[in-house]
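First the structure, in the form of structure tokens, and then the observations on it.
The values are calculated or read from the model by the stated rules, or taken from the named source; none is laboratory data. Predicted, not measured: the structure shown is a model, and the values here were computed from it. Please note: Cβ atoms are built from the backbone with ideal geometry, for glycine as well, and neighbour counts cover all protein chains shown. In case anyone asks, the SASA skips ligands and DNA or RNA and just uses the protein heavy atoms, side chains included. Shrake-Rupley method; radii C 1.70, N 1.55, O 1.52, S 1.80 Å.
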Amino acid sequence: MNVMLSAKVRYRIYIASFLLMAFTSHYTHAIEAIQPSSKAANHHAALNISSGEWPPFLSESLPHKGVVAHLITDIFAQANIKVNFTFLPWPRAYHDTINDKYAATAVWMFEQQRAEDYFYSEPVLNERFVFFYHKQRPFDWQNLNDLKGLLLGGGLAYSYGEEFDKALQAGLFDMSRVSTTEQNFKRLAMGRIDAFAEEKSVGYHILAGQLPTIKNAIVHHPRPLLINKSFVMFPKNNPLSEQRLEIFNQQLLKFKQSGRYQAYFDALDNGAYQPTNSALAD
């Protein structure tokens, strides 16, 4: 049916249509203001991080790629940032990250020379080097003088701290060095050395995974010889690194304050990151 509308009715329809269009436009802009744009979401969609093999902290073969990789992944996840780890020889991880192939590299001890190329995060890991010894040959120490006359095992060309190195050079004790931690554990089991220092979690990971026949005979002394801090490094030549560093540090602090940070390392002590164990629940 063809109906002719009066000028007054047509005017009212025009005004209503105009107001509806204006409201719709305003609502659309309001939604865009409170939701990140697709471009911003893609900007933080994923970070590629380089690393080297260092079980149980970092390894392609472990649940969650090791406890430190798990921690770093979950820290970024709290900021809605996905992380992908690529495992490389350590020197290549360092140089490829500087050359803009990766957003960050993890984890490294502090060295002043590295600070020329990288921003350091807040400490992610406290490495505790302790003396391992055989249960049947009691061992105790409170200061370096207590090591007098002992034959200690060690790694090739490895420093166990300035004071320790000076005492060794002065002849307070002797050291026999080999290339692997496994060799030192075997020598300890056979009584060829009195004790040797290794990072506590690394030592027990190797005992459980590679030397199960002697693991129950080996214990560690609770007093640490050395505590090293390790960090995520963000390349200074990447314009986004300072922003990513700030995000990571903020979330890491929250994890530490809430107690969630320690839960990862408690799980490590309970065997959650051994290859034969199921992965730690998310």
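A few notes on this one:
- Counting only protein heavy atoms and a probe of 1.4 Å, the accessible surface of region 149-239 is 51% carbon and sulfur.
- Euclidean distance of C-alpha centroids, region 234-250 and region 175-204, integer Å: 38 Å
- Å² of accessible area per residue within region 148-252, as computed with a 1.4 Å probe and no ligands counted: 49 Å²
- Listed values for region 257-268 are Karplus-derived 3J(HN,Hα) couplings in whole Hz (6.51 cos²θ - 1.76 cosθ + 1.60, θ = phi - 60°), namely 5, 7, x, 5, 3, 5, 4, 5, 7, 5, 5, 4, and x replaces Gly and Pro.
- Derived scalar couplings between HN and Hα for region 165-171 equal 4, 5, 5, 5, 5, 7, x Hz in order, rounded to whole Hz, by the Karplus curve 6.51 cos²θ - 1.76 cosθ + 1.60 (θ = phi - 60°), x for Gly and Pro.
- Cα-centred dipole magnitude for region 189-230, charges only on beta-carbon of K, R (+1) and D, E (-1), debye, nearest 20: 80 debye
- Distances between placed amide hydrogens fall under 5 Å for LEU172 paired with no residue 5 or more residues away or on another chain.
- Computed 3J(HN,Hα) for region 50-60, one whole-Hz value per residue from the Karplus formula 6.51 cos²θ - 1.76 cosθ + 1.60 where θ = phi - 60°, is 8, 7, x, 6, 7, x, x, 6, 8, 6, 5, glycine and proline marked x.
- Amide hydrogen neighbours beyond the local backbone of ALA195, cut-off 5 Å, H modeled: GLY153
- Cα-based Lys proximity count in region 92-206, under 22 Å, for pairs eight or more positions apart or on separate chains: 5
- Near LEU253: Cβ cut-off under 12 Å, other residues only, Lys/Arg at +1 and Asp/Glu at -1. The net charge is +1.
- Distance from region 207-221 to region 101-156 (C-alpha centre basis), Å: 19 Å
- Prolate/oblate/rounded label for region 70-218 (Cα gyration tensor, a/c 1.5): prolate
- Global geometry of region 181-238, whether rounded, prolate or oblate, following the gyration tensor of its Cα atoms and the 1.5 cut on a/c: prolate
- Hits among aspartates and glutamates - C-alpha to C-alpha of LYS229 under 17 Å, sequence gap 8 or more where chains match: GLU111, GLU122, GLU127, GLU162, GLU198, GLU199
- Here's how it looks for GLY66: its modeled amide H is under 5 Å from those of SER59, which are all 5 or more places away or on a different chain.
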